[in-house]
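Read through the structure below, which is laid out as structure tokens, and then see the notes.
The values are calculated or read from the model by the stated rules, or taken from the named source; none is laboratory data. None of the values given here were measured: they were computed from a predicted structure. Ideal geometry is used to build each Cβ from the backbone, glycine not excepted, and the neighbour counts take in all protein chains shown. What goes into the accessible areas is simple: the full protein's heavy atoms, side chains included, and nothing from ligands, DNA or RNA. Shrake-Rupley method; radii C 1.70, N 1.55, O 1.52, S 1.80 Å.
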Amino acid sequence: MTRTMATIGTKWKPIIIYTIGLKSQRFGLIHAKMGLISKKILTEQLKELEEDGIILRNAFKEMPPRVEYTLTDKGLELLPILNMLTEWNARHHQGDTPKSSKE
């Protein structure tokens with residue numbers, strides 16, 4: 001459990017994985033879907049997820065440059081777990097607003 005939490009246990013990584021899902025996603029689309037994350041933090045988190053083998057970064061040699069992110073097989077294995085967490089949240093926290101991490 002300790003290694004797992006070190007890999008995906010930050011505030012943003014599970015949300016990034018869930019957001020990428022089954023499709024290739026460009027940085028701007030991931031950022032737009034997530035909303036509250038800064039571009040700097042998103043970049044750092046994507047880099048760490050790539051280093052951990054959870055996502056694959058595919059840079060296309062085009063002008064302007066294009067980069068897409070997809071889940072690796074290792075990352076895809078996390079989707080059912082994240083879906084179960086989403087379902088659990090829906091059952092137990094209907095109508096609740098998430099508490100700020102500063103509270």
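Is it the case that the stretch 80-94 has a residue that's under 16 Å from the mean Cα position of the chain (by Cα), at pLDDT 95 or above, not in a helix (DSSP H, G or I) and not charged (D, E, K, R)?
Among the residues of the stretch 80-94, not one is under 16 Å from the mean Cα position of the chain (by Cα), at pLDDT 95 or above, not in a helix (DSSP H, G or I) and not charged (D, E, K, R), which makes the answer no.
Of Lys33, Lys11, which residue is within 12 Å of the chain's Cα centre (by Cα) and at pLDDT below 95?
Lys11
List every residue pair whose Cβ atoms sit under 9 Å apart, with the two residues 6 or more apart in sequence or on different chains, where the first one lies in the stretch 1-29 and is in contact (Cβ under 8 Å) with a residue 60 or more places away in the chain and the second, anywhere, is open to solvent by 40 Å² or more (accessible area, probe 1.4 Å) and assigned to a loop (DSSP other than H, G, I, E, B).
Ile8/Asp52; Lys11/Ser101
Go through the stretch 38-65 residue by residue and tally those that are over 25 Å from Met1 (Cβ atoms) and open to solvent by less than 50 Å² (accessible area, probe 1.4 Å).
Number satisfying all stated conditions: 1.
Could you check how many residues of the stretch 66-79 are out of contact with any helix residue (DSSP H, G or I) (no Cβ under 8 Å at 6 or more places or on another chain) and either assigned to a strand (DSSP E or B) or open to solvent by less than 90 Å² (accessible area, probe 1.4 Å) (or both)?
Looking only at that region, the number is 4.
For the stretch 22-49, how many residues meet the condition of being of a type in the set (Asp, Glu) and closer than 13 Å to Ile8 by Cβ?
1
Could you check the stretch 8-40 and list, in sequence order, the residues that are more than 17 Å from Val67 (Cα to Cα) and out of contact with any helix residue (DSSP H, G or I) (no Cβ under 8 Å at 6 or more places or on another chain)?
Those that are more than 17 Å from Val67 (Cα to Cα) and out of contact with any helix residue (DSSP H, G or I) (no Cβ under 8 Å at 6 or more places or on another chain): Gly9, Lys11, Gly35, Leu36, Ser38.
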